[in-house]
Structure formats: C-alpha cells, structure tokens
C-alpha cells in the first residue's frame with residue numbers, strides 16, 4: 001500500500017517506485033515508527049550541512065537521491081545555510097495586512 005498526495009499517474013516512473021520501495025524496506029528494518037524520528041534527524045542534519053533536506057539524509061541517500069528525483073547539493077558552511085534561510089524568510093510575501 002502506498003499513501004501519497006499524488007495521483008496514481010505520478011507513480012508511472014519506475015525509478016521513483018523503486019526509491020519508495022527502498023523507503024518501505026527501511027521502515028521494515030527499523031521496526032516501523034522508530035524510522036520517523038530518525039528520518040527527521042536526517043532531514044535536519046542534511047539541511048544544516050547543505051541547505052537541502054535530502055542531500056545528506058542517509059535514508060534518501062540509501063534509497064538513491066537520483067531515483068527519488070533529488071539533486072545532490074554540496075556541503076556548505078552552516079552559517080551560509082542559516083543566512084540563506086533568513087534571506088528566504090525575509091523575502092516571503094507578507095500577509096494580507098502587510099505586516
């Protein structure tokens with residue numbers, strides 16, 4: 001069973017299906033729910049190292065970044081990652097009140 005926000009046609013890509021199957025095996029080998037917080041740790045570490053949630057996430061790397069449609073980003077100084085995040089937050093459109 002696959003739970004997804006995407007239409008069935010999204011899974012017509014065989015490499016993507018293989019990528020998601022690898023995630024299901026990761027879930028199996030980690031006995032289910034323990035994978036979820038570990039995956040979140042992987043996202044945080046990857047983001048801090050590269051500014052991208054997948055590039056250094058071991059779960060995504062073991063499932064194949066390329067097969068999952070991800071681009072590998074290089075490791076960068078954490079200060080650059082934080083500066084990029086702050087810049088992105090500042091450039092977001094303001095709410096309806098303009099505040």
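Computed from the coordinates by the stated procedures, all read-outs in this text should not be read as laboratory data. It should be emphasised that the depicted structure is a prediction, and the values quoted were computed from it without experimental measurement. Note that each Cβ is placed from the backbone with ideal geometry, even for glycine, and that neighbours are counted across all protein chains shown.
The alpha carbon centroids of region 63-99 and region 2-17 are separated by 25 Å. Any chance you could give the angle, 0 to 90 degrees and rounded to 10, that helix 78-91 forms with the longest Cα principal axis of the chain? Once rounded, the angle reads 70 degrees. Taking only Cα atoms, what is the 0 to 90° angle, nearest 10, from helix 35-50's long axis to the longest principal axis of the chain? Relative to the chain, helix 35-50 is tipped by roughly 40 degrees.
Order of 7, 20, 60 from fewest to most other C-beta atoms within 10 Å? Walk me through the numbers before you get to the answer.
On the way: 7 8, 20 16, 60 25.
Least crowded to most crowded, the residues run 7, 20, 60.
Computed from label points 7 Å out along Cα-Cβ, the spacing between residue 87 and residue 5 is 2.6 nm. Shape analysis of the chain places it in the prolate category; the axes a ≥ b ≥ c from the Cα gyration tensor give an a/c of at least 1.5, with a/b above b/c.
Determine the calculated [θ] at 222 nm for the chain from helices alone, applying -39500 (n - 2.57) to every DSSP H run no shorter than 4 residues and normalising by the residue count; nearest 500 deg cm²/dmol. Can you show the working numbers first?
Working: 4 runs with 51 residues, N = 99.
Roughly -16000 deg cm²/dmol at 222 nm, from the helical runs in the chain.
Taking every C-alpha pair closer than 8 Å and separated by at least 6 residues, the mean separation divided by the residue count of the chain gives a relative contact order of 22 percent.
Could you put 28, 11 in order, starting from the residue whose Cβ has the fewest other Cβ atoms within 10 Å?
Fewest-to-most ranking of 28, 11: 28, 11.
Going from the residue with the fewest nearby Cβ atoms within 10 Å to the one with the most, 19, 6 rank 6, 19.
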